[in-house]
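Enquirer: Attaching a single structure in C-alpha cells format; questions to follow.
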Amino acid sequence: RARAPPRRRTAEVGRLLARARARRRRTMAARATSVAPAASGLAAPRRRVVVSRRTPPPRPRPRPVVVAAAATEEVPLGTQIETALLGAFPPGTVDRVRDSLRFTLADGVHEVNHPGLGLQQASSYIAGLTPRPYWDVRGGDFPWLVELEKNFETIRDELREGLANPDLERLGNAIWVAAARDDAEGYGPDWRTLVLQDRCEWEPTNVGLFPKTTALVKAANAPSVEVFFAKQAPKTGIKPHTDFTNFIMTAHLGLDCPPPPLSWMKVGEETKHWEDGVGMAADTSFIHSTYNDSEDRDRFVLIVRFWHPELTAHERDGVRFLFDAFEDLSPAGLAAAAGKARARVASRESADEHGRSGSGADEADAAAAFKSAVSAKVSAPQSGEEEEENGTRGGGGRRKKGRKKKAKGGGGKGLGLLAKGMK
C-alpha cells in the first residue's frame, strides 16, 4: 500500500493515542468501581511501599539487660546478733534486751536528770527499770547482801591473810590492777582491784586464793556479774562518772575502812560513808564519785556488781548471751553463744520443774547439806601452800607462772561499753 501523506498520518496517530488514553481511563474507572471503599466495611486496598535500596532497614530495638541480684546479700552484724538472740529464747522473753541492743548500736544515750535524785546517763539501757541512786539494803530486794554483812569478818580476815602473803601477786592473776576502761584517768592510778568474778565467770586462780569469800558469795545466792576486792589509797578519789549501764547495779561491803566520815561515795545527790561490815547498794548509772580523806589508811571493800532486781531470769540470760557473743562475733561465735544460752534456758526450766515436783523435805535436806558444805569450806584452815594448790587445775601441782590465764580486765571495766567493738 501506498503510505498516507504526512498530514493524514499525523491525524491518525492522534486518534490512536486518544483511543489509548480513553481505554486507560475506562480501565482505571472499572478498577475503582470493583473495589469497595473502606466505609463499606471491607478492608482497604494495601499500599505497596517501595523502599529504596539506599534506605537502611529499621534496626531492632535492643532488649533491656536484666542484671541478676547477688545470691546472698551481706546481713548487718547487728541483725545477725539480734537474730541469734531471739532464736535462743522463748518468744517475747528478751524483747527488752533486743531493744537495748538496738539502742546501744544506734549510739543512743539515756540521759535524765531526776529531780532530787541526780543525773542518770546510760548507753546500755533497758527500759522500765526503777532508777534510784541508793537502794535500801534491808528493803527486801537484797537478802544476799544482808547475809554477807553477817559474815564480813570472815571475808575481811581472808583478805588480810592474802595481803600478808608476799607471793600473792605471783600466785594470783592480775592482782591489784588499775582500772581498765576508757575513762580510767577518772579512777586514778591508786584505785586497784583484785578480781574473783568477771561477766558471770569465776576466775579460777584467784578463787583458789580466796575460797572462803567465794563460798560465802555463792552460798548467799548473790545475783553477781562481777565480784572483786577494791583498794583506794589515802587522799585519793574517783572523779564523777557513770558506769553507763542501768541493768547492772553495784554493791559495796566495807571490810577495812577509815572511820566515817573520812571515806565516802556520792551517788546522784546522796552521799554515804563506808563502814566496816555495812553494805551499800547503788545504781551506778547515776553520776557518782568517791574519796578517801584519810591521811594514812587504805580503804578496802568487797564490790559485787549484780543484776537489777527487776530483770527477769530470761533477760539476765539474754545479757549473758551478749557477753558471750561479743567475745567472738563471727557466725560460728554467734552460734556458740546461742547454744550456751539455750543450755541455760533448758537448765533453768529443768530446775524449775524439779522444784515444783520435789517435796519440801527434799528441798530442806538439800539446803541443809549445801550450808554444811559451805560452813566446812569457810571454817577449814588453809596454808599458803594449800592455797597455791587450789589455784591449780586438776590438782596437778603448782601452776607455772607462765601458764596463768589472762584476766579479762574486770573490776573496773565499763559494762556499758559492751558493743564498742562493733562500732
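The values are calculated or read from the model by the stated rules, or taken from the named source; none is laboratory data. For clarity, every value in this text was computed on a predicted model and none was experimentally measured. Because the Cβ atoms are built from the backbone with ideal geometry, glycine has one as well, and the counts that use them run over all protein chains shown. Heads up: the accessible areas ignore ligands, DNA and RNA and are worked out on the full protein's heavy atoms, side chains in. Shrake-Rupley method; radii C 1.70, N 1.55, O 1.52, S 1.80 Å.
Enquirer: How many residues does segment 241-278 contain that are without any contact (Cβ under 8 Å) to a residue 40 or more places away in the chain and open to solvent by 10 Å² or more (accessible area, probe 1.4 Å)?
Expert: Counting residues in segment 241-278 that are without any contact (Cβ under 8 Å) to a residue 40 or more places away in the chain and open to solvent by 10 Å² or more (accessible area, probe 1.4 Å) gives 9.
Enquirer: Moving on to the next point. Taking only segment 126-150 into account, find how many residues are closer than 23 Å to residue 218 by Cβ and either touching a helix residue (DSSP H, G or I) at 6+ places or on another chain (Cβ under 9 Å) or of a type in the set (S, T, N, Q) (or both).
Expert: Total satisfying the criteria: 5.
Enquirer: Of the residues 158, 147, which single one is open to solvent by less than 20 Å² (accessible area, probe 1.4 Å) and touching a residue at least 12 places away in the same chain (Cβ under 8 Å)?
Expert: Within the list 158, 147, the selection yields 158.
Enquirer: If you don't mind, another one. Does residue 351 satisfy being modelled with pLDDT of 95 or more and either open to solvent by less than 60 Å² (accessible area, probe 1.4 Å) or in a helix (DSSP H, G or I) (or both)?
Expert: no
Enquirer: Just need a number here: residues in segment 103-124 that are open to solvent by 50 Å² or more (accessible area, probe 1.4 Å) and not in a strand (DSSP E or B).
Expert: Selection size over segment 103-124: 8.
Enquirer: Is it true that residue 128 is outside any helix (DSSP H, G or I), open to solvent by 30 Å² or more (accessible area, probe 1.4 Å), at pLDDT below 95 and not aromatic (Phe, Trp, Tyr)?
Expert: So residue 128 fails the test.
Enquirer: Only one of 271, 213, 284, 236 is in contact with a helix residue (DSSP H, G or I) (Cβ under 9 Å, 6 or more places away or on another chain) and β-branched (Val, Ile, Thr); which?
Expert: 213
Enquirer: Can you list the strands (runs of 3 or more DSSP E) found entirely within segment 242-333 that contain at least 3 residues being farther than 19 Å from residue 224 by Cβ?
Expert: Passing ranges, in order: 263-267, 270-273, 288-292.
Enquirer: Which condition does residue 285 not pass, out of (1) at pLDDT below 95; (2) hydroxyl-bearing (Ser, Thr, Tyr); (3) surrounded by 22 or more Cβ atoms within 10 Å (Cβ to Cβ), if it passes all the others?
Expert: Only one criterion in (1) at pLDDT below 95; (2) hydroxyl-bearing (Ser, Thr, Tyr); (3) surrounded by 22 or more Cβ atoms within 10 Å (Cβ to Cβ) is unmet by residue 285, namely (1).
Enquirer: Then there's this: Could you figure out which of (1) without any contact (Cβ under 8 Å) to a residue 60 or more places away in the chain; (2) touching a His at 6+ places or on another chain (Cβ under 6 Å) isn't true of residue 332?
Expert: The failed condition is (2).
Enquirer: Considering (1) out of contact with any Leu (no Cβ under 7 Å at 6 or more places or on another chain); (2) at pLDDT 95 or above, say which one residue 148 fails and leave the rest.
Expert: (1)
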